[in-house]
1. Give the stretch 90-103 a look and list any residue that's on the phi < 0 side of the Ramachandran plot and surrounded by fewer than 16 Cβ atoms within 10 Å (Cβ to Cβ), or say none.
2. Starting from the stretch 109-130, keep only residues that are closer than 12 Å to residue 96 by Cα, then list their pairs with residues that are within 9 Å of ligand 2 (Cβ to nearest atom) and outside any strand (DSSP E or B) whose Cβ atoms are within a distance under 9 Å, requiring at least 6 positions of separation or different chains.
3. Restrict the check to the stretch 103-116 and report whether at least one residue is in contact with a helix residue (DSSP H, G or I) (Cβ under 9 Å, 6 or more places away or on another chain) and more than 14 Å from ligand 2 (Cβ to nearest atom).
4. Scan the stretch 24-59 for residues that are within 17 Å of residue 108 (Cα to Cα) and surrounded by 13 or more Cβ atoms within 10 Å (Cβ to Cβ) and jot them down.
5. Only one residue in 137, 142, 152 is buried (at least 16 other Cβ atoms within 10 Å of the Cβ), at pLDDT 95 or above and either away from ligand 1 (no atom under 13 Å from the Cβ) or under 17 Å from residue 5 (Cβ atoms) (or both). Which one?
Ligand SMILES: O=C(O)CCC(=O)C(=O)O
Ligand SMILES: [Fe+2]
């Protein structure tokens, strides 16, 4: 059994597994090279703005989120390799993965819940991290906050009713100059 840390079990569960993938597997560079990255945009008062964060969506189902339609690109072998290990660890099967590329610590993702209607409600979301360690914050609607550092090769599982009661973010960390890739494997309707 792998080492694991249960961060909360209140209104959903969050479990952290460090060191699931070894640095020698070189997934950061393989994903950086193989994936078709797109600069993320957000619409504010009708105007589109480019973000520093880049994303990619792979799998067998299209995904609508924050006003955009992400057309699924077919699975890559490197993604299937990672998916197989994550499915074994979490006892779940995933139809899609959202990848986020953070070039440095100035790149962040704001408070949100992963509750889009294309996702099966309350199904597990498995979040895999490569590269720079970044802080991951969770905030319950009643104000309780939790944080965990997501290290290279780790897997974080969010499950149950979590997305209905908690939001999460990856905040700006100015001192971090190194890039990071995160993959969130999702169960789609
Ligand atoms: O980069 C992370 O650790 C989280 C990404 C995330 O929350 C998302 O893609 O919905
Ligand atoms: Fe998220």
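The values are calculated or read from the model by the stated rules, or taken from the named source; none is laboratory data. This one's a predicted model, so the numbers in the text were calculated from it and none came from an experiment. Because the Cβ atoms are built from the backbone with ideal geometry, glycine has one as well, and the counts that use them run over all protein chains shown.
1. 93, 103, listed by residue number.
2. So the pair list comes out as 119/163; 125/114; 125/163.
3. no
4. Answer for the stretch 24-59, where residues must be within 17 Å of residue 108 (Cα to Cα) and surrounded by 13 or more Cβ atoms within 10 Å (Cβ to Cβ): 37, 38, 40, 41, 42, 51, 52, 53, 54, 55, 56.
5. Details: 137 fails: buried (at least 16 other Cβ atoms within 10 Å of the Cβ); 142 fails: buried (at least 16 other Cβ atoms within 10 Å of the Cβ).
Matching residue, one of 137, 142, 152: 152.
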